[in-house]
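A.B. asks: Please see the structure below; I have some questions.
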Amino acid sequence: MAGTSGGRPSIYPTLLYADAKAAVRQLTEAFGFTELSVFEGEDGAVMHAELVQGNGAVMIGSKGTGSVFDKAMKDADTTGVYVVVDDVDAHHRRAVDHGAEILMPPTDQDYGSRDYMARDLEGNVWSFGTYAPEIPG
């Protein structure tokens, strides 16, 4: 199956932001992502950025660039993304320390996960927790 070897995720949530530079800052500082790459246009707009967390990644960019993806997403609503983390409580403290809007504090779920939920600067909902379903090979 394509995209399942070499340590590369096969699915990348992709989000557009009015202020993608602020999004990169919040996602790295408050939510612990690592900046892999950021490509800016001549006008300073983020044309494409890749941020990693564990063995997964998200791609983000600036709204209003006129790209095909930007046009396709023009009328889309916000997005929700789930990220697996080892220590939910420590991750939550980091998010709180950086002023993230917390929608649900760390909570033990009936299905065995511990997770919390936050909203980023532009309304996207991020859930961070221990639930990591095994995907059959």
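A.B. asks: What's the number of the condition Leu27 fails, among (1) touching a residue at least 24 places away in the same chain (Cβ under 8 Å); (2) over 14 Å from Phe128 (Cβ atoms); (3) not hydroxyl-bearing (Ser, Thr, Tyr)?
C.D. replies: (2)
A.B. asks: Select, from Asp97, Asp86, Asp115, the only residue that is more than 17 Å from the chain's Cα centre (by Cα) and of a type outside the set (Lys, Arg).
C.D. replies: Asp97
A.B. asks: Name the pairs: first residue in region 32-48 and among the hydroxyl-bearing types (Ser, Thr, Tyr), second residue open to solvent by 20 Å² or more (accessible area, probe 1.4 Å), Cβ to Cβ under 6 Å, at least 6 apart or on different chains?
C.D. replies: Thr34/Val52; Ser37/Glu50
A.B. asks: Conditions first: (1) closer than 16 Å to Ala95 by Cβ; (2) not in a helix (DSSP H, G or I). Val38 passes all but one, so which condition is the exception?
C.D. replies: The one condition Val38 does not meet is (1).
A.B. asks: Which of the residues that make up region 100-129 are touching a residue at least 40 places away in the same chain (Cβ under 8 Å) and open to solvent by less than 60 Å² (accessible area, probe 1.4 Å)? Spell out the reasoning first.
C.D. replies: Just the residues of region 100-129 that are touching a residue at least 40 places away in the same chain (Cβ under 8 Å), to begin with: 100, 118, 120-129.
Matches in region 100-129: Ala100, Ala118, Asp120, Glu122, Gly123, Asn124, Val125, Trp126, Ser127, Phe128, Gly129.
A.B. asks: So which pairs qualify, if the first residue must be in region 64-83 and in a loop (DSSP other than H, G, I, E, B), the second must be exposed (fewer than 12 other Cβ atoms within 10 Å of the Cβ) and at pLDDT 85 or above, the Cβ gap must be under 7 Å, and the two must be at least 6 apart or on different chains?
C.D. replies: Thr78/Gly123
A.B. asks: Give the number of residues within region 61-70 that are at pLDDT 85 or above and either farther than 17 Å from Glu42 by Cα or surrounded by fewer than 11 Cβ atoms within 10 Å (Cβ to Cβ) (or both).
C.D. replies: The number of residues fulfilling the criteria is 1.
A.B. asks: Being open to solvent by 80 Å² or more (accessible area, probe 1.4 Å) and acidic (Asp, Glu): is that true of Asp89 here?
C.D. replies: It is false that Asp89 is open to solvent by 80 Å² or more (accessible area, probe 1.4 Å) and acidic (Asp, Glu).
The values are calculated or read from the model by the stated rules, or taken from the named source; none is laboratory data. The structure displayed is predicted, hence computed values, not measured ones. Please note: Cβ atoms are built from the backbone with ideal geometry, for glycine as well, and neighbour counts cover all protein chains shown. Areas reflect the complete protein model, heavy atoms only, side chains present, ligands, DNA and RNA absent. Shrake-Rupley method; radii C 1.70, N 1.55, O 1.52, S 1.80 Å.
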